[in-house]
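Worksheet: one structure, shown below.
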Amino acid sequence: MDHRLVLDTEWALGWSGAAGSVSRFQRGRLPDPELCARLLTPGRLLDLVMRRSLAPPQLRLLRDGVALPADEYLDTTPSRRGQVVPMVDMRRLAGCLAGGCTLVLDAVQRFDPTLEVACRAWQWRSRAAVQVNIYLTTGANEGLAHWDDHDVLVVHLAGEKRWEVRGASRVSPLFRDAERSVDPPAGVVWSGVVRAGDVLYLPRGHWHQAGRAGLGEGFSLHLTFGFSRPTGVDWLAWLADQSRRQVLFRGDLDLTRQEKDREVFAAAVAELVEGYGLADFVADRESSRPPGRHVWTAGIFGPPAAVVCATDFPPRLDDTGQGSVVLTATHKKITFARAALPALTPLLSGNPVEVARVAAVTGVDAARLAEVLVREGVCAELTDELSSGYTGLTTAGSYSPTP
């Protein structure tokens, strides 16, 4: 799946692929700033907030880094039946924004199709788990200096904001760490004002602070994509889970013979490391992600006319050499006849495809394949809303009969 945001960001930052080992701060500018309005505008953000039940911690308002009480912008009035569904009071919210504050909305990919598709494109490209948060800042509001336990890509969409970036005070810090990183380094790596179309890349642990002090009246809107890449600690935790297969590790420790048991366990751990390598960990991590939340009509309104592969990471297709292929995704292994491969290729490409067109070009019963893939959570039915997340942002699907 080729996505304009991914390709334009790679161009802006000089990447030959989505960053996987970039350890320095980078900044650049998208070649087409008009892409920003296609991703999100302040009006669309406020409309999105208005139409959903949102509350802290997913939605919060901050003034100079301090959270405002939720009752300053939420309506929690019980219905006549005593039910409480928190909704943003848009007039109260407008008053808060007029007085200067920052609206933060986390994990927006869960309910905005455009940003859902953008996150999926980044995940397929970077092989990292990706979440996108939104920051709308008004007036002269300032944020607090902090660092994140994941890599950060900032895409500035509208207005102006001043940033100060410092290095990391601890190499590769973790959220749950042996030692906390509490003091920012003295040296400033970069400071300046960002505008629509600017992109910033901050590796994990880099301290940063952003705000609008000194920029006068106005606002700023930006997206923050967080890239959570697997670490050695994650691999060790996964190895510990694999150890549950063996009686030795499931058994009680004999505290009267610790030294002898240590030698036995050390040898067993070495065998475990040999038997479950990094490649196995990465493959399991990517293929065991559960299906995402998408509309499934279960054929009630007829078979879907179009579908799209909606797994968090690219699904894996392996040729068994015995006339079949095995699809691994969403914690499942599904076996198909090798003759289905010409149709499986476009169906699993990550681009929206018309089922009838795939069938016409490949001569394969694509409707039956699509039914299975949708039922197993590998593909999603292409609703109008989901389709809007791809329109004008991704390339068209491939319908070649040759895989």
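Read-outs throughout are calculated quantities, based only on the coordinates presented, and are distinct from any laboratory measurement. Computed from a predicted model, the values in this text were never measured in an experiment. Every residue, glycine as well, gets a Cβ built from its backbone with ideal geometry; the counts of neighbours run over all protein chains shown.
Counting Lys and Arg as +1 and Asp and Glu as -1, what is the net charge of the other residues whose Cβ lies under 15 Å from the Cβ of W124? Walk me through the numbers before you get to the answer.
On the way: positive: R4, R120, R125, R127, R229, R285, R289, R316; negative: D2, E10, E116, E286, D312.
Here the count lands on +3.
What is the distance, in nm, between label points placed 7 Å from the Cα along the Cα-to-Cβ direction at A107 and at S16?
That separation, rounded to one decimal, is 3.7 nm.
Given R₀ = 22 Å, FRET efficiency for T335-A367 by Cβ-Cβ distance, to 0.05? It would help to have the intermediate numbers written out before the result.
Numbers: r = 19 Å, r/R0 = 0.86.
Once the sixth-power term is evaluated, E becomes 0.70.
Determine the dipole magnitude for the range 257-348: charges of +1 sit on the beta-carbon of Lys and Arg, -1 on that of Asp and Glu, nothing else is charged, the reference point is the Cα centre, and the result goes in debye to the nearest 20.
Values: 10 positive and 11 negative charges, 87 e Å.
Value, rounded to 20: 420 debye.
Specify which labelled value, from (1) 91, 48, 40; (2) 69, 68, 56; (3) 75, 47, 40, agrees with Cα extents along the principal axes in Å derived from the coordinates of the model shown.
The calculated read-out lines up with (2).
How far apart, in nm, are the 7 Å Cα→Cβ label points at A305 and V182?
6.1 nm
Quick one: M1, M50, fewest Cβ neighbours within 10 Å first, how do they rank?
On the way: M1 21, M50 13.
Ascending Cβ contact count within 10 Å gives the list M50, M1.
Quick one: what are the phi-derived ³J(HN,Hα) couplings along the range 55-61, Karplus 6.51/-1.76/1.60 with θ = phi - 60°, whole Hz, x for glycine and proline?
With coefficients 6.51, -1.76 and 1.60, one gets 7, x, x, 5, 10, 8, 10 Hz.
Taking amide hydrogens as modeled 1.01 Å from N in the peptide plane, which residues meet the under 5 Å criterion relative to H150, leaving out close sequence neighbours?
It is G205, by chain and number.
With a cut-off of 8 Å between alpha carbons and a minimum separation of six or more residues, what is the relative contact order of the chain in percent? Don't jump to the answer; show the numbers that get you there.
Numbers: 756 pairs, mean separation 63.6, N = 403.
Worked out over the chain, it gives 16 percent.
Enumerate the amide H contacts of A67 below 5 Å, restricted to partners 5 or more residues apart or on another chain; note that Pro and chain-start residues carry no placed amide H.
Correct list: empty.
Mind checking Rg over Rh on the range 4-228, alpha carbons, Kirkwood formula for Rh?
Values: Rg = 17.7 Å, Rh = 18.3 Å.
For the range 4-228, the value is 0.97.
Within the chain, what is the longest stretch that has no GluC sites (Glu not before Pro) placed in a DSSP loop and near at most 15 other beta-carbon atoms within 10 Å? Please list the in-between numbers first.
On the way: sites that count: E34, E179, E217, E376.
The longest such stretch corresponds to 218-375.
Tell me the label-point distance for the pair R44, E263, using the 7 Å Cα-to-Cβ offset, in nm and rounded to one decimal.
6.6 nm
Search the structure for amide H atoms under 5 Å from the amide H of V88, placed 1.01 Å from N in the peptide plane, and list their residues when 5 or more places away or on another chain.
HN-HN under 5 Å from V88: L54, D75.
Please work out the C-alpha center-to-center distance from the range 249-327 to the range 340-384 and express it in whole Å.
Cα centroid to Cα centroid, the span is 24 Å.
Quick one: net charge around L327, please, counting Lys, Arg +1 and Asp, Glu -1 for every other residue with C-beta under 10 Å from its C-beta.
On the way: positive: R316, K332, K333; negative: D318, E376.
Value of the local net charge: +1.
Convert each backbone phi in the range 221-226 into a coupling constant with the Karplus relation 6.51 cos²θ - 1.76 cosθ + 1.60 (shift: θ = phi - 60°), then list the ³J(HN,Hα) values in order as whole Hz, x for Gly and Pro.
Those phi angles translate into 9, 9, 9, 10, 8, x Hz.
Among 127-140, 300-313, what's the highest-first ranking by average C-beta atoms within 10 angstrom per residue?
Details: 127-140: 20.8, 300-313: 18.5.
Ranking, from highest mean packing down: 127-140, 300-313.
Less than 9 Å Cβ to Cβ from A12, Lys/Arg counted +1 and Asp/Glu -1: what total charge do the surrounding residues give?
Numbers: positive: R27, R29; negative: D8, E10, D198.
With Lys, Arg at +1 and Asp, Glu at -1, the neighbours total -1.
If the cut-off is a Cα-Cα distance under 20 Å, which aspartates and glutamates reach K332, setting aside same-chain residues fewer than 8 apart in sequence?
D241, D280, D284, E286, D312, D318, D319, E371, E376, E381
Would you be so kind as to identify which of Y276, G323, V104 lies farthest towards the positive end of the dipole of the chain, taking Lys and Arg as +1 and Asp and Glu as -1 on Cβ and the Cα centre as origin?
Going by the Cα projections, it comes out as V104.
Under a Cβ-only charge scheme (Lys and Arg +1, Asp and Glu -1), can you give me the dipole magnitude of the range 4-228 about the Cα centre, in debye to the nearest 20? Please list the in-between numbers first.
Numbers: 27 positive and 24 negative charges, 78 e Å.
Dipole about the Cα centre, nearest 20: 380 debye.
Got a sec to turn the phi values of the range 367-380 into Karplus ³J(HN,Hα) couplings, 6.51 cos²θ - 1.76 cosθ + 1.60 with θ = phi - 60°, whole Hz, x for Gly and Pro?
Running phi through 6.51 cos²θ - 1.76 cosθ + 1.60 with θ = phi - 60° gives 5, 5, 4, 4, 4, 5, 5, 5, 4, 8, x, 7, 10, 10 Hz.
Using 0.36 nm times the number of residues separating V84 and A279, minus their current alpha carbon distance, what extension gain do you get? Walk me through the numbers on the way to the answer.
Numbers: separation 195, 0.36 × 195 = 70.20 nm, distance 4.79 nm.
Fully extending the segment from V84 to A279 adds 65.4 nm.
With +1 assigned to the C-beta of every Lys and Arg and -1 to the C-beta of every Asp and Glu, and no other charges, what is the dipole magnitude of the chain about the Cα centre in debye, to the nearest 20?
420 debye
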